[in-house]
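Remarks on the structure that follows.
No value in this document is a laboratory result; all are computed from the given coordinates. Quick caveat: nothing in here was measured; it's all calculated off a predicted structure. As a convention, Cβ positions derive from the backbone with ideal geometry for all residues, glycine included, and neighbour counts pool all protein chains shown.
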Amino acid sequence: MTLLTDVLARTAPVLVFLVAITVVAELSDRAGVFAAASRLAARLGRGRVLSLWLLLVLLAVASTVVLSLDTTAVLLTPVVLAVARQLGLRTRLLAMTTVWLANTASLLLPVSNLTNLLSLHRMQALGVGLGGYVRLTWAPALAAVLVTVVVLAALHPGELRGRYEQPPAEPVADVVLLRVCAVVCLLLGPAFVTGVTPAIPASVAAVVLLVLFAVRDRAALRWALLPLRVVVLVVVLFVAVQWLTEHGLEGRLAALAGDGEGFGAYLRLSGVGALAANGVDNLPAYLALEPVADGSAARLVALLIGVNTGPLVTMWASLATLLWRERCRSADVRVPWWSFGWRGLVLVPLLLVACCGALTLTA
C-alpha cells in the first residue's frame, strides 16, 4: 500500500495535467481549431507543396511543444491527412512528419512530454527550475527539429515538389467556440513558461472550455473526453517500475548507462534510453533509468533525449506512436512496420549525436 501511495503522490500533478490538457485538446478539435489551422497553412502555402509542408511542420512543432506530443499524434494527424487528400497530395510524407515531430519536438518544455513532467521533481531537487530546464533543453530541442526536417526532406524529395489548387473556404459551425478555443491554446504557451506548476494553467484552461461548451455545445461533453485508460496505464507502469527498481533493476541499468558528464557519457546514456524505449515503451524506460541519471540535470536531459527522440524504430516505443498508427488506420493510410522501422534507424542515430552534441555545448 505504501508503494502505491508513494506513486500516486508523485504522479498526481502529472495525471492532473494529462487529463486537463487532453480535455483542452479534444474540445479545441471539436471547435475546429486544428482544421482551421491546417486550412490556413494551405492558403498561406500559395499552392506550393514545399511551402505547405514547412507550414505544417511549424504547426506540428507548436502543437507538440504547447499541447504535448499526444495531441499532435491524435488530433493533428487526421486533420493533416484530410487536407492532403483534399489537395490531392500523397499522404506518406505528411503522416511521417506528424509522428516524427510529435516525438522529436517534445524536448523543449516540461508539458511537451510526460517524461519531461516526470523529470521536474528531480530537476527541482537539483536546484534547477523551469528557466534552468529550458536553458539545458533549447539547443537539443532545436537540433532535434532541424535534423528531423532535414531527414524527412532527404527521404521524400519527390513529394515536396509541385503545386496544388487552393482549397475552398469552409463555413465554421460556431465562430465563438473556434475563437475562444484558439485563444486558450495560444495563451497556454506563455502560461507554461511562467514557472507555475503546469497542471494549474492546464486545469484552468480545461474548466474555461468545459463551461463554454456546457453553454454552446453540451453534446460535446462526454466521459470519453477523459483519458482514463491512459491514466490507469501510467499508474500501473509507475508501480511496476518502482517495484523492479527496489529489487535490483537500478544496479543493472547503471552498468549499461555508465556515469559522468560530457558528450560520450551523454550519448551512452541517451543511447541506452532509446534502446529501452524501443524495447518496452519510452515511459517505463524513463522511469527505470531515472535513478541512474539523476546525479545531474544535464544527465537527466541526456536521458530525455533518448526516450523522447529515440522511440521511432518500433511502433510500440511511445504511446503517441501507437495513437498515431490508429489514426492512420482510421484514415486508410498504411505505414508498414518495416517501412517505419528502417526510416527510424536512419533518423535516431543522427538525432542522438546532434542532440547530445548540442547538450554538451550548453550544459
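Gain on full extension, evaluated as 0.36 nm per residue between residue 235 and residue 48 minus their Cα-Cα distance, stands at 62.7 nm.
In order along segment 332-338, phi translates into HN-Hα couplings of 6, 10, 9, 10, x, 4, 5 Hz, rounded to whole numbers, per the Karplus curve 6.51 cos²θ - 1.76 cosθ + 1.60 with θ = phi - 60° and x for Gly and Pro.
Does anyone have the angle between helix 297-309 and the longest principal axis of the chain? Alpha-carbon axes, 0 to 90°, nearest 10? Computed tilt is about 50 degrees.
Remark: relative contact order (segment 2-362) = 24 percent; criterion is Cα-Cα distance under 8 angstrom and separation of 6 or more residues.
In degrees from 0 to 90, rounded to the nearest 10, what is the angle of the helix 228-244 Cα long axis to the longest principal axis of the chain? In the chain, helix 228-244 runs at an angle near 20 degrees to the longest axis.
Using a simple spin-label model with pseudo-atoms 7 Å out from Cα toward Cβ, residue 86 and residue 153 lie 2.6 nm apart.
Computed over neighbours whose Cβ is under 13 Å from that of residue 160, the net charge equals +4, Lys and Arg +1, Asp and Glu -1. Taking the fewest neighbouring Cβ atoms within 10 Å as the starting point, the ordered list for 200, 21 is 200, 21. When the helices of the chain are scored as -39500 (n - 2.57) per DSSP H run of n ≥ 4 and the total is divided over every residue, the value at 222 nm lands at -24500 deg cm²/dmol. Since only 116, 353, 99 are under comparison, the one whose Cα sits farthest along the positive direction of the charge dipole of the chain, derived from C-beta charges on Lys, Arg, Asp and Glu, is 99. Amide H to amide H, with H built 1.01 Å from N, residue 48 comes under 5 Å of 164, counting only residues 5 or more places away or on other chains. Legend: P(r) of the chain from all alpha carbon pair distances, 10 Å bins from 0, whole percents, reading 5, 25, 34, 25, 9, 2, 0.
Only the Cβ atoms of Lys and Arg (+1) and of Asp and Glu (-1) were treated as charged; on that basis the dipole of the chain about its Cα centre amounts to roughly 1100 debye.
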